[in-house]
Each structure stands twice: as structure tokens, then as C-alpha cells.
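The values are calculated or read from the model by the stated rules, or taken from the named source; none is laboratory data. Not measured: the values here are computed from a predicted model. Counting neighbours? That spans all protein chains shown, and the Cβs are built from the backbone with ideal geometry, glycine included.
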Amino acid sequence: MAILENILDGLGIDREIRPYPYRFSVFGRVGGWFEGIEGMESFSPEEVVLRLKKGKLRVSGRDLAVRKYGEKEIALGGEILSVTAEGR
């Protein structure tokens, strides 16, 4: 991965737009958008576990709900309190 990072640095490509295996955005207390997921391992109104190619994302919150579920992406509603990456 260091070689790719050096090439992208040399080309002047901003780190924020580089390809990553997954990314997410949390929108205040109304939910979040997650990309690069392989599936949903478990769901409850307090916790959602998302499968990644290598690892998992554990989303904890209150009144969580699936708003949109598509190929490699999911939108969650509710108050997201934490997102924890597990594995590689």
C-alpha cells in the first residue's frame, strides 16, 4: 500500500478522494451513509454490524433503522453514537 500512497502523493491526488475499501459519513443525529460494505451481519435498533471485505464495522446507536440497502452501500436512520472498525 505504501507504493500506491507514494504514487498518489506524486500525482498530487488529495487523500480525501483516494479509493479506500470503505468509507462512511454520519449526519448529526439523523443517521449515516456507509459505502464498501459486503453485507449486514446483524441488526437491532441499538447496533448494526456491517461486513467488510476484510473485517467489520460495528455501528452503535439509538433507534437505528435501515433506510436504504443497496449493492455495497447502506443508509441508516437514527442516532449513531459510535462506529468501530474491527479486523483489517
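Checking the structure you have, find out if any residue of segment 43-55 is surrounded by fewer than 17 Cβ atoms within 10 Å (Cβ to Cβ), part of a strand (DSSP E or B) and of a type in the set (Ser, Thr, Tyr). Explain how you work it out, then say what you get.
The initial filter retains those residues of segment 43-55 that are surrounded by fewer than 17 Cβ atoms within 10 Å (Cβ to Cβ), namely 43-47, 51, 53-55.
Checking which are part of a strand (DSSP E or B) leaves us with 43, 47, 51, 55.
Retained after the next criterion (residues that are of a type in the set (Ser, Thr, Tyr)): none.
Within segment 43-55 (the criterion being surrounded by fewer than 17 Cβ atoms within 10 Å (Cβ to Cβ), part of a strand (DSSP E or B) and of a type in the set (Ser, Thr, Tyr)), the answer is no, since none of the residues qualifies.
Go through (1) modelled with pLDDT under 90; (2) closer than 14 Å to ILE74 by Cα; (3) out of contact with any Asp or Glu (no Cβ under 9 Å at 6 or more places or on another chain) and name the single condition ARG23 misses.
Only one criterion in (1) modelled with pLDDT under 90; (2) closer than 14 Å to ILE74 by Cα; (3) out of contact with any Asp or Glu (no Cβ under 9 Å at 6 or more places or on another chain) is unmet by ARG23, namely (3).
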